[in-house]
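Structure first, then comments.
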Amino acid sequence: MSKPRLNIGIVGYGFMGRTHSNAFLRVPNFFDVPYVPVLKAVCGRNRARAEAFQQTWGYDSVETDWRRLVERKDIDVIDIASSNDTHAEVAIAAAQAGKTILCEKPLGRSGAESKAIVEAAERASVPNMVWYNYRRVPAVTLAKDLVSEGRLGRIFHYRAKFLQDWTISKDLPQGGEGLWRLDVQVAGSGVTGDLLAHCIDTAMWLNGSIESVAAVTETFIKERKHNLTGKVEKVGIDDASAFLARFANGSLGNFEATRYARGHKALYTLEINGENASIIWDLHDLHRLQYFDHRDEGRLRGWRSIHITDGDHPYMKHWWVPGLQIGYEHTFVHQAADFLCGLANANVPAPSFRDAMATDYVTDAILAAAKNDNWEKVNSAR
């Protein structure tokens, strides 16, 4: 019996559009999913770019107005892979049209914007999910399993950092295609809502909710030429952000993100310290999980490096033989597989829009704490 088709309409043809498209193309090859995802339409403002993307990835059609895409009766899923300033308008319209919705992170440019999206999706009772893909790294998923099994015992510390270096040059402009992340009106914030959002989502998934934060942010280059206006304008985003956190379980958190760490392109690491054991994970070595268990025999006690490639590791039975590792793009395939299976069971897996709103409430609190120079309570997303 043939499987039902699920027609995908994607908004955006940039980096994230490529990762999502690749995921939908590859997922039926490796996972027994209940739907056949069909790349039905790509939507982008530049028709020539959209048509080139269509040819590369095999989409059936092209739209240049996302409203037409949302209105189309032959589209089942709206996948939002465009800039942050488009998320709310597209997602709310898609919810009102009864579409299933996928959205790139962050969900909104602020907690308030995310709340409007959540309310629209829940009012329409449409399935929804946000692409926080690092949850689907097999090593990180294994870390979640170990924490949930109680192997670490009581958690004392959670620390994470995400370091890049691509905005150091003062000659780099802001705004426009490719550089909208430097434009506060489009992005909402800088590394706080971009890089730290990943760290925060993973942290709350692994260690529970964050109750309060204290923070510092810095914009190192105060003015940049704007690509759209041609004028030198004030930079409104944060180049670097660091914060302390108190989790609801009593543990302490230490987080840092910057685009001014020369030599680092995408260094994302996390560490959890518990009363019995500790875990370390590094995106640059994403197929390994470092694990220390104090309950091991004393003379053999030490850090072990677990190579996440065996069939009993999360997701790995779907790929190659033990010893052969996978990479960044596979995390999106895993999320697409979980989404499709959950959709068939009327139980779309996390992170939902509401989960992503919780992350945006934390980023709101970070920016407020840095501005006010004090501890800030985090709004509840429940």
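The values are calculated or read from the model by the stated rules, or taken from the named source; none is laboratory data. Given the structure is predicted, the values throughout are model-derived calculations rather than measurements. No Cβ is skipped: glycine too gets one built from the backbone with ideal geometry, and neighbour counts run over all protein chains shown. Areas reflect the complete protein model, heavy atoms only, side chains present, ligands, DNA and RNA absent. Shrake-Rupley method; radii C 1.70, N 1.55, O 1.52, S 1.80 Å.
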Next on the checklist: Accessible area of the chain with a 1.4 Å probe: how many percent of it is carbon plus sulfur?
Outcome noted: 48 percent
Item to check | Kirkwood-based shape ratio for the range 37-180, expressed as Rg/Rh from alpha carbons | outcome: 1.05
Next on the checklist: Taking a ≥ b ≥ c as the square roots of the Cα gyration tensor eigenvalues, with a/c under 1.5 meaning rounded and otherwise prolate when a/b beats b/c, else oblate, which class fits the range 182-234?
Outcome noted: prolate
Checklist outcome for this item: Measure of exposure for Phe15: accessible area at 1.4 Å probe, Å² rounded to 10, is 110 Å²
Item to check | Selected from Val11, Val321, Val38 as most flexible by GNM, with the chain as the system and alpha-carbon contacts under 10 Å | outcome: Val321
Checklist entry - Tell me, what is the 1.4 Å probe accessible area of Glu51, in Å² to the nearest 10? => result 80 Å²
Next on the checklist: Sequence gap of 8 or more, or different chains, plus Cα separation below 21 Å: how many lysine pairs satisfy both in the range 6-161?
Outcome noted: 8
Checklist entry - Using a 1.4 Å probe, what is the accessible area per residue for the range 104-153, in Å²? => result 33 Å²
Next on the checklist: Is the C-alpha gyration tensor of the range 98-199 telling us rounded, prolate or oblate? Criteria: a/c under 1.5 is rounded; beyond that, a/b larger than b/c is prolate, otherwise oblate.
Outcome noted: oblate
Checklist entry - Name the chymotrypsin sites (Phe, Trp or Tyr not before Pro) in the range 304-369 that are in a loop by DSSP and that have at most 13 other C-beta atoms within 10 Å, would you? => result Trp320
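Taking 8 Å as the Cα distance limit and 6 or more residues as the minimum spacing, I'd like the relative contact order of the chain as a percentage.
It rounds to 19 percent for the chain.
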Checklist entry - Is the shape of the chain best called rounded, prolate or oblate, per the rule: a/c under 1.5 gives rounded, else a/b larger than b/c gives prolate, else oblate, with a ≥ b ≥ c the square roots of the Cα gyration tensor eigenvalues? => result oblate
Checklist entry - Say the dipole of the chain comes from +1 at the beta carbon of Lys and Arg and -1 at that of Asp and Glu; which of Gly193, Ala381, Gly153 then lies farthest toward its positive end? => result Gly193
Checklist entry - Taking the Cα centre of the range 246-382 as the origin and placing charges on Cβ (Lys, Arg +1; Asp, Glu -1), which of Thr309, Gln290, Leu267 is farthest toward the positive end of the dipole? => result Leu267
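Taking only protein heavy atoms into account and a 1.4 Å probe, give the accessible area per residue of the range 236-299 in Å².
Working: 2780 Å² over 64 residues.
Ligands and nucleic acids excluded, the result is 43 Å² per residue.
Let's see if you can work this out: charge +1 on each Lys and Arg Cβ, -1 on each Asp and Glu Cβ, no other charges. What is the dipole magnitude of the chain about its Cα centre, in debye to the nearest 20? Before the final figure, lay out the partial values.
On the way: 45 positive and 46 negative charges, 54 e Å.
The calculated dipole for the chain is roughly 260 debye.
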Item to check | Trp375 accessible area, assembled protein chains, probe 1.4 Å, Å² | outcome: 120 Å²
